[in-house]
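The values are calculated or read from the model by the stated rules, or taken from the named source; none is laboratory data. Just so you know, these numbers come straight off a predicted model, no measurement behind them. Glycine gets a Cβ as well: all are built from the backbone with ideal geometry, and neighbour counts include every protein chain shown. These accessible areas exclude ligands, DNA and RNA; they are computed on the full protein's heavy atoms, side chains included. Shrake-Rupley method; radii C 1.70, N 1.55, O 1.52, S 1.80 Å.
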Amino acid sequence: MLLAHAGRADRRGHRAARRARRAGETTGAFALACHESSGGNPFLLHELLSALAADGVPGDDEGAVRVRRLGPQSVSRAVFLRMARLPPGAADFARAVAVLGDHVELRDAAELARISADDALVLSDALSAAGVLAAELPLRFIHPVILEAVSADLGAGQRTAMHLRAAALLHERGASADQVAAHLSAVGPVGEPWVIDVLRRAACAATDRGAPEIARRHLQRALAEEQSAELRGALLAELGEAEWMAAGDPATVIGSLREAIALTADPSIRLQATILMARAIFSTGHAPTALRTLLDALQGPELLGPEGTVRLEAEFGSVGLLNFELMPEAKPRLLALREQVGTEGGEPLLLANFAVLSWMEDTADETARVALAALDEGRLLDEVGTDTIAFLQAVWVLLGSDRLDEARRACAAGLAQARERGSAFGFVACCVLAAMTAYRAGDLRESEAHSRAGLDLGDAPLFLRPAALAYFALALIERGQLEEAEQALTDGLVGPYLPPLAQMNIGFYARGLLYTAQGRDEEAVADLVEFGRREAYTGVQNGSVDWRVPAARALLRLGRAGEAQALLDEQEAVARRWGTPASLGGALAGQAAAVAARGEDPVPALLEAYALLEGSPCALQRARVLVELGSALRRAGRRTEAQERLAGAVELARACGATVLAERANEELGVAGARPRHLQFSGVESLTASERRVALMAAGGQTNPQIAQALFITAKTVENHLGRVYIKLAINSRNQLAAALADEESPTDQGEGSSLMRA
């Protein structure tokens, strides 16, 4: 009956609209404003038009402006005119449903409205027939605009009282903490013991589902209640953690945690609050203060015990190893610990620090062994999450050892956890690591996509932005977008005032490569040497970032062959000790450049370099050497061999997304006598990094809201990206994405693929 009644009303509404249009009584703007204000509900549209006519509101564009300005008020009169004709109590019952929200149980609405269940059933049927409530259970308004109109009619005092009663009755019924907390957030202090417990449980649930901002609001509301000093300390510790995960203002995080430590005597709460406070202090650039905070805690016996000592020592080492000014204090302590406990098994937190020590002075194989032991097949991530520096360091040195498959898996797991928990810090940190991994693998599109994902988060932690911007710039340089790359590095604060933090040093390397691409060799040498100087302060003696080779090439162009040779010899020695094919292959390619500068044949050295790189996962490095080898063969008159090498170089560089390198290889191919390839990028290759990232996720079956949540962007942004993807791929729907993207190949050929966004 109710559906038939609604159908008749719908037809009446449409007929009234058609008559109005035929009579020329309304403009299109007025009709649209009325439709939006009534939510398209035919009952309300009819009543709204009647009310507007009675008030003398014209049906023109001026009238449309008045309807829009009133918003919910423009429909509330129509709603209450209709409800006034219903049985007594209908309006109060509708208000009770509005307070309780969507999908309301009949008995809850009845109790809140102080009526019997039978009376509630009669009123719900009447409100359904009037087009206010849907003709179904649980109760819900037929359109959000009606809910908004009914809610707007509640006075402030009445709304507060009803929310308080709703919270109490839902709590008594055993409703979820989330349901009860939604009502408690709308009222002031209640003074009941159960209120804080409910709000804490709701905050915990919000954290578990990746909504730290909601957790923060629940905990702030809990703090408005009266509580003991001990309980207040616990609440502040939980609030500080929620604020940290939501990438809130570090000063606010520090304030909450400092007060928590002062108020509580619970060792576990004090320990966790101290560690989080040190991280927040560190994120503001005050590394010495962070280190001192941890050192003071280590001297406090109330925090100690086996687990507490390990966690504090690990955090102390993590902070100290990132800042070379603090190295003299942190490194000896860690070396002593390593001597004491060894690197075979043990606590993952400490092993992550020991992996960094190996990265500084040991071989790549040993570094990777310790890093993998620290990660312990996901145990470290499960225990401490992406918010700890230890996890990030373990992945960092692992990818620096060219164990890229393992690094990819760790990054993918970290990103998944950060999204699940809603951790902005963890998300940005794992995006930077994923960008580093993809860059080393030679997947420039993927590297740019991850860098952009981290940078798109407007409240990203400041101390992570320089690294994200550096890897963003490195990808842009390979594509020839030098002005945009320079702006990124300027935004990344590359210069004398960049804090002395290990993850920020890469900005000098990136700017050195930018200056090289711009033909500014003197400035390139200065920046690359500055990168090396900063690395040396931390005691790094490996070849994972071969800054000496591009610096030597620039010196050769400047005619400073002696300085160049010294750097190349040093890099070769470092690379042989470090032991990865990429580092040694790059060093030998650099030596070949010096050989060529002396007028000698560089082909033997380049052949040796390329043979090494064929066993390396670093495709971009391989493509660079292949171009040099092909060019050297062409200059030596070995045209057939040159053509073969250069043709391969074109395809490999193109697969990497290295536009500039592909164009250079193609030019050399033409000079070698072969027909140059057609290099205009179209289809999948024409997608921007962000478009490609969204397209891959959509092709994998994720919805727009899911993609938006995963990437910390809006659904509208996802929609815009997909619209451009459809145009570029010449497709019409989401169902065609997988096939259109199917021809895409990873340049690394490492079996598992390079797209972390598929995880």
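Surface composition of region 375-466: carbon and sulfur make up 48 percent of the accessible area, probe 1.4 Å.
Relative contact order for the chain: 7 percent, from Cα pairs under 8 Å spaced at least 6 residues apart, divided by residue count.
So, in Å, what gap is there between the alpha-carbon centers of region 100-151 and region 153-217? The distance from the Cα centre of region 100-151 to that of region 153-217 comes to 21 Å. Per residue, the average separation of C-alpha pairs within less than 8 Å and at least 6 apart gives region 201-287 a relative contact order of 25 percent. Binned at 5 Å from 0, what are the whole-percent values of the Cα-Cα distance distribution for region 286-423, short to long? So the P(r) values, bin by bin, are 2, 11, 21, 23, 21, 14, 7, 2, 0. Give me D for the chain in µm² s⁻¹, whole number, from Stokes-Einstein with Rh from the Kirkwood sum over alpha-carbon pairs, 4 °C and 1.567 mPa s. The Stokes-Einstein estimate is 43 µm²/s. Taking Trp194, Trp578 and ordering them by how much accessible surface each has at a 1.4 Å probe, largest first, produces Trp194, Trp578.
Our compactness index for region 598-660, the C-alpha radius of gyration over the empirical 2.2 N^0.38 Å, is 1.08.
Taking every alpha-carbon pair within region 626-680, the share separated by more than 19 Å comes to 14 percent.
Counting heavy atoms of the protein chains alone, Glu663 has an accessible area of about 90 Å² for a 1.4 Å probe. When all protein chains stay in place and ligands, DNA and RNA are ignored, the 1.4 Å accessible-area order of Leu231, Leu588, largest first, is Leu231, Leu588. Relative to the longest principal axis of the Cα atoms of the chain, the long axis of helix 61-70 makes an angle of roughly 90 degrees. Treating each Cα of region 540-625 as an identical point scatterer and summing with the Debye formula, the log10 of I(q)/I(0) at q = 0.21, 0.24 Å⁻¹ comes to -0.92, -1.16.
The residues of region 493-568 expose, per residue, 38 Å² of accessible area to a 1.4 Å probe. When +1 charges are put on Lys and Arg Cβ atoms and -1 charges on Asp and Glu Cβ atoms, the dipole computed for the chain relative to its Cα centre reaches about 2540 debye. Each helix, a run of at least 4 DSSP H residues, gives -39500 (n - 2.57); summed and divided by the residues of the chain, these come to -22500 deg cm²/dmol at 222 nm.
Taking the chain as the reference, fit the longest principal axis to its C-alpha atoms, fit the long axis of helix 2-22 to the helix C-alpha atoms, and give the angle between the two in degrees, 0 to 90, nearest 10. Value to nearest ten degrees: 80. The accessible-area ordering, largest first, of the residues Arg635, Arg440 stands as Arg635, Arg440, per a 1.4 angstrom probe.
Each of Val104, Ala246, Gly495 was placed along the dipole of the chain (beta-carbon charges, centred on the mean Cα), and the one lying farthest toward the positive end is Val104.
In the chain, the longest principal axis of the Cα atoms and the axis of helix 465-478 are about 60 degrees apart.
Taking every C-alpha pair closer than 8 Å and separated by at least 6 residues, the mean separation divided by the residue count of region 508-637 gives a relative contact order of 18 percent.
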